[in-house]
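Presented below is the structure to which this report refers.
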Amino acid sequence: MTGSLLIQSLILGVLLGGLYALLAAGLTLYFGVMRVVMIAHSAFLILAAYLAWFASSTLGIDPLLTLVVTVPLFFGIGVLMQRLLIRRLRPATLTMMSVLLTFAIALFIEGLIGFVWGGTQRRIQLPYSSASIEIFGARIAVVKLIAFGLAALSLLVLYLLMKHTRFGQALRATIQHPEAAQLVGIRTDRVAGLGFGLGLATAALGGTALSLDATIYPSLHWHWIGPLMAIIVVGGLGSIPGAAIAALVLGVGQSLLQVPLGTTWAQTIFYVALFVTLMVRPQGFFGGRLAQRF
Amino acid sequence: MTESTGTNLGTRGLTKTFGGVHAVDGADVTFHDGKINALIGPNGSGKTTFFNCVTGMIKPDAGTVTFRGRDITGRSPHVIAHAGIGRSFQLCRIFPRMTVLDNVLVAVRRTRIRELLAPARTEEEVAKARQLLVRVGIDHLEDTEARDLSYGQQKLLELAGVLMGDPDTIMLDEPAGGVNPSLIGRIGSLVKELNAEGTTFLIVEHNMDLVMSLSHHVIVFDRGRPIAEGTPDIVQSDPRVLEAYLGV
Amino acid sequence: MPNASSTLATRSRGPAQTPADGARRSRRNRQIASALALVVGVAVVAVFPFAAPDAYVLSAGVVILSYACTATSWNFMGGFTGYISLGHAAYFGLGAYGTGIIVRDLGLPSFLAWALAGLAVAIITIPVGIAALRVRGASFVIVSIAFVLILLLVFQAWGSFTGGSSGLVVPRPFPDLMRPEHHRVFFYLFAALLAVMLTLWWAISRSRFGIGLKAIREDEDKAEALGIPTRNYKLVAYVVSATLTGLAGGMYALWFGDLDPIFQFSILLGSYMVLMALLGGIRNLFGPLVGAVIVGVALEIFKLEFGDTQFHLVATGLLLALVVLFMPDGIIPAVQAGLRRFGPQSSSIREMTAAELAERNAAAGVSGDSVFSGGPTPTPTPEEKR
C-alpha cells in the first residue's frame, strides 16, 4: 500500500465514520429513552435519501435543501411513532416486541419505496458530483466532504443540545435513570417521544448526506442496519460517545481493509467486531452499566 | 451469645463495588447450621447485594463464600442451588404464565442428560409438588396460571418452588415485604416448622417484630459489613445498632 | 394433557373438587378437539397432492409446508425460551448450501448429504450460540440479524465455493421423475419432516427440559436460582432449532434445485418465520403451522395478484405490526379464549377458580395456621370455614 493510498483510505474512513457516528447516535437515543432497538432507523435513512433524490431529479432542487422538509417531517414521524405505536407495547416484553415492530416498519418502508419508485438503482447527478480536491496527495470527492460536514455539524448540534439545554438535561436523566427522572418531575414519556423524534431526525440528515454520494435502492437499508447495530453493541448500548468512538474506529477499519480485501469482505469487520465484543466484553467497550442487562 | 454450632455459610472479606461505592465492604459473616439466622440493617446497608453475591447472582470483586466447607465463590446460581441453597427474591418472582403446579415442578433436583426428555410430570414429583402446595395452602389453585394469584399467594408459591429443590438452607429476601399481617404470621410459622425439621434459614428482613420473634441469631449490617451480632435480645440492646438505625 | 397420576390424584380428593373436575373436563374437551384437528390435518396433507388441480398449486403446497417446517423449527427457540431470532434464515441457507455443496463436491447421495449438512449446521451453531446467548433481549436479536447479513456477504463474495451471485445448482435426487411427481414426493417428504419436528416439540414441551426452557422464557434469573443451568439449556434449544431449520433448508435445496444467496440468506425469510409463529401462537404446538398456512396462502395470492412488485413487503410489514400490537399471543389462544367464552360447559374454568380463590382467601383469614400442620391436609370445605 503506497503512502498516498493509505492516507486516502484513512481520510475516507474518517469521513465514513462521521456518518456512521451520526446514525449510531440516533440509534442510541431510541435505545436510551425507550430501550428500543430501532431496526427501521436505516430504512428511514434510505427513505430520506430517496426523498432527496426525488426532489433533485424531478424538481431540480439541491438535495441539501430537502433537509428543510425532511428533518421536521421525520422528527414528527418519530414523535408520533413513539406516542402511537411503541407506547402501546407492554413494558414486560417491550424490548423484544419493539424490535419486531420496528422491523415490521422497516419492511413496510422498504416495500413502499419499491412500490413508489421501483427496485432499480438510483443516483443523484449534481454539477459538483465529480469534483474532488487533493489532500496530502489523496483525492477526496467534494460530495464526501459535504456529507461529512453535514454529519459532523449535526453531531455537534446534538451534543450541544444534550449538554446545554434543559431538554437535553431531561433527556440524559431519562436515559440514565427513568424512575429517578420521573421523581424529580421530568415527564419521561414526553421526553421519550421527543428523543424518538430527534433520533429519526438524524436519519433524515444522514439520508440526505448519503444521497449525495451513494447509489441507492430499496433494500440498501439492510447493509446499513447491520454495521450500525454492531457499532452500538461494540460502543456499549446506550452510550452516545461510545457509539461515536466505535463508529470512527470501525469506519476507518473498514476503509483500510477495502484496499487489500475489497468492499464486500471489508464489511465483515463490523460483524467480526460484534462477535469479538460479545465474547470478550458483552457490555460493550465504552458502555456504562446500562448495557449489561440488554 | 448463641450456642456454638457448625458453620452453615460463611464469607471472608466479601467485597463488591459499584462505580466506586462499596456496597459490600470486606464482610466477614458466619451463619449457623440448623438455626434461623437474620440479617438486618438500614436501607442501603448492602444486605441485598450481599445476598446476591452469596447466591451467585452477582460476582463479588474479592473475598470468599463457603457453604458447609465448600468454596462456592463466584459459582453460577444454579450450581449454588444444587449445592443446597434455595432462595426467594425481594419482590417475589414466579413464572407468571405457567400453572401453579408447573411453577413448583420447575425446581427439581439436578437433571441428568438422559432425563432431559423424560416427562416433567412424573407421578412421584407431581405428588411431592402437590404436597408442598398443600403445605403452603394453595393446592386448590394448581391449574391456575400463576399471574392470576394474589400477591400473598404468589409469595407462598415461590416458597413452595424453593422447597421443591430440597434445600438444606433457605435464603429469604424480605419474606414479609408487602404482605398483610395474617400472611406474615403464616410465613413465620412455616419457617419455624421447616427449621424444626432441620432446614437452616438466612433471612433478610425489615419487619423487626418478625425478626425478633423468629430468629436465633441476628447479624446487623451497616455500610456493607456486619457491625453487631448475637441473639435478638443482645442485638436489640446494642448501642451500635441504634446508632446505625437512627444515624446518631 | 392429564397423565395417569393427575387423574388419579384428582379422583382421590373427593367430590368437593369442582374446579379440578371442571379443569379435567375442559382438558378432555381440548384433547378431543386436538385429536380431531390432528386427524383432519393428516387427512388433508395425505389427500392434497392428489386433489391439487395443477402443478402450480401443488408446488405452492410444497412451499407452504416448507414454511411450516421453518416456522416450527424457529419455535424451538422462540416459543420455548422467548428469545426471538430474526436471523434464522442463516441456518436455512447454511442447510441448503451445505446440502448442495456436499452433493456437488463429494458426490454423496442426496439424502446423505442432507443429513451431513444438518450435522454441519449443528456444529457451526454451537460457537454462534455461545456468543449470541451471552446477551439477552435486544442484543440477541441484533446478533441474529448480523449473522444472516454476514453470511449473505460471505456467500456472495466467495464465488468460487458457493457459486456467488450466479447461484448454485443442486442436482435432483430423483432425476427420472416428472415435475408433478417430483412435487408430490417432496410434499410428503416435507410433511414427514414436519411430523418429526412436531413430535419432538411435543415431547420437549412436556419434558423436564421443556419446563426448564419455559421457566427461562418467564424469568431467566429465577429459573437459574431454582437450579436450572440456563446457559446450557438455551444453547441446546438454539442448536436444535438451528439444526432443524437447516434440515428444512436442505430439503428445500433438493426440491427447488437452484440456490441464490439473496433468497437463502434473506432477512425476509427469517421474518416470515417469526411472523408465522407469532401469528399462530408461539406457545402452541400447532401455532407456527397455522401461521404458516395463513401467511403462505396469503403470500401466494399476493404473488398472483401483484406479481413481482414490492407489495408483499408492505403487506408482510403491516401484518407483522398488527400481530405485535394487537395479538402478540397469536390466533390459537385467541380462538381458544373465544371458544371458552361461548362454549356451554367448559366456559367457567377461569371464573370458578376466581370464585374459589376469593372463597379460599376468606377461609384462610379465619382458619389461620391450621393449614400448616404439614402433610396432605384436605382443602377446607364450606363446613370447616364456619
How many angstrom lie between the C-alpha centres of segment A:187-247 and segment C:74-137?
30
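Where the only charges are on Cβ atoms (+1 Lys, Arg; -1 Asp, Glu), what is the dipole of the protein assembly as shown about its Cα centre, to the nearest 20 debye?
460
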Chain A: relative contact order from alpha carbon pairs under 8 Å, six or more residues apart, as a whole percent, is 35
A:VAL116 to A:SER130: extension gain in nm, 0.36 nm per residue of separation minus the Cα-Cα distance?
2.2 nm
Can you compute the label reach from B:PHE18? Point 7 Å from Cα along the Cβ direction, backbone N cut-off under 19 Å, restricted to segment A:180-198.
A:180-184
Note on the protein assembly as shown: alpha-carbon gyration tensor, axes a ≥ b ≥ c; rule is a/c under 1.5 for rounded, else prolate if a/b larger than b/c, else oblate; result oblate
Taking +1 at the Cβ of each Lys and Arg and -1 at the Cβ of each Asp and Glu, which of A:PHE136, A:LEU257, A:GLY197 sits farthest along the dipole of chain A towards its positive end, judged by Cα position relative to the Cα centre?
A:GLY197
For segment C:279-290, in residue order, the Karplus 3J(HN,Hα) values (coefficients 6.51, -1.76, 1.60; θ = phi - 60°; whole Hz; Gly and Pro = x) are 4, x, x, 6, 8, 10, 3, 9, x, x, 5, 4
What FRET efficiency comes out for the pair B:ARG147/C:ALA35, r = Cβ-Cβ distance, R0 = 45 Å, nearest 0.05?
0.95
Between B:ASP209 and B:ASP168, what FRET efficiency follows from the Cβ-Cβ distance if R0 is 25 Å, with the result rounded to 0.05?
0.40
Might you report the magnitude of the Cβ-based charge dipole of segment C:68-336 about its Cα centre, with Lys and Arg at +1 and Asp and Glu at -1, to the nearest 20 debye?
560
Which one, A:LEU101, A:MET229, A:GLN182, projects farthest toward the positive side of the charge dipole computed for chain A from Cβ point charges (K/R +1, D/E -1)?
A:GLN182
Add +1 for every Lys or Arg and -1 for every Asp or Glu among the other residues with Cβ under 11 Å from the Cβ of A:ALA173, and state the total.
+1
In whole Hz, the Karplus estimates of ³J(HN,Hα) for segment B:100-107 (6.51, -1.76, 1.60; θ = phi - 60°; x where Gly or Pro) are 4, 5, 5, 4, 6, 5, 4, 8
Picking from C:TRP201, C:ILE216, C:LEU235, whose Cα lies most toward the positive end of the charge dipole for segment C:186-236 (charges on Cβ: Lys, Arg +1; Asp, Glu -1)?
C:TRP201
Testing the spin-label approximation: label points 7 Å from Cα along Cα→Cβ at C:ARG340 and A:THR93. State their distance in nm.
1.5
Mind giving me the nanometre distance, one decimal, between the label points for A:LEU59 and A:LEU153, set 7 Å out from Cα along Cα→Cβ?
1.9
For B:ILE203, other-chain or 5+-apart residues with amide H closer than 5 Å (H placed, Pro excluded) are B:ASN37, B:ALA38, B:LEU39, B:LEU172
Given Cβ point charges of +1 (Lys, Arg) and -1 (Asp, Glu) and nothing else, what value in debye, to the nearest 20, does the dipole of chain B about its Cα centre take?
680
Label points 7 Å out from Cα along the Cβ direction at C:VAL185 and C:ALA55: separation in nm?
1.5
Fewest-first sequence of C:LYS303, B:LYS35, B:LYS16, A:LYS163 by Cβ atoms within 10 Å of each Cβ
A:LYS163, C:LYS303, B:LYS35, B:LYS16
Taking 0.36 nm per residue of sequence separation and subtracting the Cα-Cα distance, how much length would be gained by fully extending the chain between B:ALA62 and B:GLU115, in nm to one decimal?
15.4 nm
Around B:ASP222, which amide H atoms from residues at least 5 apart in sequence, or from another chain, sit under 5 Å from its own amide H, with H modelled in the peptide plane?
B:ILE227
For segment C:177-195, list residues with backbone N below 14 Å from a point placed 7 Å from the Cα of C:PHE111 toward its Cβ?
C:185-194
B:ASP25's amide H: which non-local residues (gap 5+, or another chain) put their own amide H closer than 5 Å, with H modeled 1.01 Å from N in plane and none for Pro or chain starts?
B:LYS16, B:ARG225
Sum of -39500 (n - 2.57) over DSSP H runs of 4+, divided by residues of chain A (222 nm, nearest 500)
-23500 deg cm²/dmol
Hey, quick one: spin label on A:ARG281, modelled 7 Å out along Cα-Cβ, who in segment B:19-41 has an amide N within reach, i.e. under 16 Å?
B:19
Read phi for every residue in segment C:243-252 and hand back ³J(HN,Hα) as whole Hz from Karplus 6.51 cos²θ - 1.76 cosθ + 1.60, θ = phi - 60°, with x for Gly and Pro.
5, 5, 4, x, 5, 4, x, x, 4, 4
Exposure proxy check: C:LEU65, A:LEU160, B:LEU157 ranked by fewest other beta carbons within 10 Å?
A:LEU160, B:LEU157, C:LEU65
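Readers should treat all values here as calculations from the given coordinates under stated rules, not as data from a laboratory. As the structure is a prediction and not an experimental result, all values here were calculated from the model. Neighbour counts are summed over all protein chains in view; Cβ atoms, including those assigned to glycine, are modelled from backbone coordinates with ideal geometry.
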